[in-house]
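Working notes, structure below.
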There are 2 protein chains.
Amino acid sequence: MKSLDRFVRALRRLPGVGPRQAERFAAYFLRASQGETEEFITALSSLKEDIKLCRVCFAYSETDICALCADASRDHSQICVVEDPQDIEAIEKTGAYKGLYHVLHGAISPLDGKSAEHVKVRELLARVQQAQPPIREIILATDPDNEGETTALYLADLLRGQVEQITRIGYGVPLGGDIDYMDEMTLGYSLKGRTKI
Amino acid sequence: MKSLDRFVRALRRLPGVGPRQAERFAAYFLRASQGETEEFITALSSLKEDIKLCRVCFAYSETDICALCADASRDHSQICVVEDPQDIEAIEKTGAYKGLYHVLHGAISPLDGKSAEHVKVRELLARVQQAQPPIREIILATDPDNEGETTALYLADLLRGQVEQITRIGYGVPLGGDIDYMDEMTLGYSLKGRTKI
């Protein structure tokens, strides 16, 4: 059935969707009422129409400048650099950060042919150089994986001297984790990063 | 952001999609080109327009009667009863079956308030009673879980005397499985269902 195969192919482009899940999603839509399907299509269309990237930090925004960048009560001398727009929400939920963000939209990954030009690095540098008041701290909150590490090291080199301090998020054992099941790298970092209690 | 929340809510209705995956899907569409998004919407719309249920067996079909039911080379005296349309493809892939199918679109589940009237049981009975040539065998291939078992037992009672034989798919250890990790019920069935080699 051509229409089914075509939709399953379209679903397979979604991140992490395998053949089974794509078929289950297609089955959901085949069972769904016309109204439900139309609501889905309308929601998707408005998403594409209404949401753009903030001109300053490249987070998702319905306005030219996002709510966080426009918020005078936030600390405008701190920028937390993240890979993806979703990372912002995760950090906001902690309540531990009151500065601004910068979304790279990816990480540097030489193996995948992704260099600094493929992510919003040039925009970050320009932003730091033009910032008034000047930026005091850059927090590198890229993922703790190979690409994220490479990107953090690259940015630390690039931005050195431009700001008072550059920091990297702390590594260690996650809360609720099990020491027994922790990989040795993480456990090693958690020992090196131990704090007095 | 209202448009984002609305689309995430629509995505959450897909089977098995949690908040994280819904956000990742939304991020995919936010990054996707206008062309990719339009292709997705067109594929979904044609799915809903082109695909209906076969009038005889209730499988997905682009025609009034599906390709399998219309195929004279298949054994029209055998009906394999399955819960979902996707089950047909799984069984077809085995190459071990050359008869017809009947899709119940669910299973009987008293706990969820789903009785025989909620699935295509009446249609199966009518089909069996009107079949020309008569049906020789009904294979009950509902899932090997509580609901599937209940449904198989219900159908066996209902159809007894109407066909030459009613069979249930064999239980046992799956290939590539590990005896060590198998639950005792399955292992018990696999012992009872042992065959000479």
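Pull up the DSSP beta bridges for segment B:31-154 and report the antiparallel fraction as a percent, rounded to 5.
If I count the DSSP bridges inside segment B:31-154, around 25 percent turn out antiparallel.
For chain A, what is the convex hull (Cα atoms) projected area averaged across all directions, in square nanometres?
Reported value for the Cα convex hull: 16.1 nm².
Could you list which residues have their amide H under 5 Å from that of B:I139, counting only those 5 or more apart in sequence or on another chain, with H placed in the peptide plane?
Long-range HN contacts for B:I139: B:I79, B:C80, B:V81, B:T167.
In Å², what does the accessible area per residue of segment B:2-50 work out to with a 1.4 Å probe?
50
What value, in deg cm²/dmol to 500, does the helix sum -39500 (n - 2.57) over DSSP H runs of n ≥ 4 give at 222 nm once divided by the residues of chain B?
-13000 deg cm²/dmol
Tabulate in residue order the Karplus-calculated ³J(HN,Hα) for segment A:92-107, using 6.51 cos²θ - 1.76 cosθ + 1.60 with θ = phi - 60°, rounded to whole Hz; enter x for Gly and Pro.
So the Karplus estimates, Gly and Pro as x, are 4, 4, 5, x, 8, 9, 10, x, 9, 10, 9, 9, 6, 6, x, 9 Hz.
Kindly provide the pair-distance distribution of the protein assembly as shown built from C-alpha pairs, with 20 Å bins from 0 and whole-percent values in order of increasing distance.
Taking all Cα pairs of the protein assembly as shown, the binned fractions are 21, 40, 28, 11, 0 percent.
List, shortest first and in nm to one decimal, how far the label point of A:L158 (7 Å from Cα along Cα→Cβ) is from its counterparts in the other copies.
6.5
With θ taken as phi - 60° and the coefficients 6.51, -1.76 and 1.60, list the Karplus ³J(HN,Hα) couplings across segment B:5-14 in order, rounded to whole Hz; mark glycine and proline as x.
4, 5, 5, 4, 4, 5, 5, 4, 6, 5
Compute the convex hull volume of the Cα atoms of segment A:69-168, divide it by the residue count, and report the result per residue in Å³ as a whole number.
95
Check B:G99: other-chain or 5+ apart residues with amide H under 5 Å from its amide H, H built from backbone geometry?
Residues meeting the amide H criterion: B:D75.
Relative contact order of chain A, please, whole-number percent, based on alpha carbon pairs below 8 angstrom and at least 6 residues apart.
13
Cross-link candidates for A:K114: which lysines have Cα within less than 24 Å, leaving aside residues fewer than 8 places away along the same chain?
A:K52
Taking a label point 7 Å out from Cα toward Cβ, give me the nm distances from A:D5 to the same spot in the other copies, shortest first, one decimal.
4.2
Label-to-label distances across copies for A:L191, with labels 7 Å out along Cα→Cβ, in nm, shortest first?
Once sorted, the set of distances for A:L191 reads 4.8 nm.
Mind checking which chain B residue has its Cβ closest to the axis relating B to A, and how many whole Å off it is?
Here the nearest residue and distance are B:I41, 3.
When a/c reaches 1.5 or more, the comparison of a/b and b/c decides; with that in mind, is segment B:2-50 rounded, prolate or oblate per its Cα gyration tensor?
Oblate is the answer for segment B:2-50, as a/c is 1.5 or above yet b/c matches or exceeds a/b.
The values are calculated or read from the model by the stated rules, or taken from the named source; none is laboratory data. Because the structure is predicted, anything quoted here is derived from the model rather than measured. Cβ atoms come from the backbone with ideal geometry, glycine included; neighbour counts cover every protein chain shown. Just so you know, the surface numbers come from the protein's heavy atoms only, side chains and all, with ligands and any DNA or RNA stripped out. Shrake-Rupley method; radii C 1.70, N 1.55, O 1.52, S 1.80 Å.
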